[in-house]
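One structure below.
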């Protein structure tokens, strides 16, 4: 819609994870470096958590897009069933058959696969996105299953990626054995004001030409930061909508007035769908109650 008007090759602010648009803020770089360190050093479990929309999935896709031929990766999203169902997903991701196998058979098939990979000097990594959906008993069974090893080599390394509630689950007293096996535990924080401005300009530049980098004024970036609290997914939503407003008004730049107009319009409509609606204040009828 607005791409041709502003000279973009692609939309700069899509809501789906785009590892090719990855912006490595200090906290995203720290999470990435810790994950690389943990995986290289045979960590059994790594955990990356954060609020909704902070860029956890994009970070993982960016990391996994750079793994070499000696790394075999399975990425599972939103599994919330039994441990047996998790085993089925694992077998499917590794291209193994699970039909006709009971729980023991599925575990044995996976262990044989892990040992085969280890013999070829390959690492096997399991990434579970939206891991807060896993029940504590499933996490405990995953811990027991992950105790398999060959000599001093960890056959299966697992990265749990989830919302803040994942940390709450892992901090429960009955999860201590699991928590003690977590070598990397990083809480991904939102962007600050300067990072939000750099994030917006980074995506603008990748989507179009270098000249588009300053399409959003500094005040516009500040207004988006204040409204989004620096959560990348919300920054994308607000920036994308602001571009529609700018296109409608044929503005050559997106300024704070454009952003504030967009925010004010949504406020009059009752706010964005992801926001908790505010209660409507009671009005007093003139002359008192009848």
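A few remarks follow.
- For segment 205-222, the set of residues classified as assigned to a helix (DSSP H, G or I) and either closer than 13 Å to residue 258 by Cβ or modelled with pLDDT of 95 or more (or both) consists of 218, 219, 220, 221, 222, listed by residue number.
- Residue in segment 153-160 that is part of a loop (DSSP other than H, G, I, E, B) and surrounded by fewer than 12 Cβ atoms within 10 Å (Cβ to Cβ) present: no
- Single unsatisfied condition, residue 239 versus (1) under 29 Å from residue 30 (Cβ atoms); (2) free of Cβ contacts under 8 Å to residues at least 24 places away in the same chain: (2)
- Residue that is modelled with the highest pLDDT [pool: residues in segment 261-283 that are under 13 Å from residue 238 (Cβ atoms) and assigned to a loop (DSSP other than H, G, I, E, B)]: 272
- Qualifying residues in segment 227-260 (those that are loosely packed, with under 15 Cβ neighbours inside 10 Å and part of a helix (DSSP H, G or I)) - the one farthest from the chain's Cα centre (by Cα): 248
- Residue within segment 166-185 that is under 21 Å from residue 58 (Cβ atoms), in a helix (DSSP H, G or I) and touching a residue at least 40 places away in the same chain (Cβ under 8 Å) present: yes
The values are calculated or read from the model by the stated rules, or taken from the named source; none is laboratory data. Keep in mind the model is a prediction, meaning the values are calculated, not measured. Note that we place each Cβ from the backbone using ideal geometry, even for glycine, and neighbour counts take in every protein chain shown.
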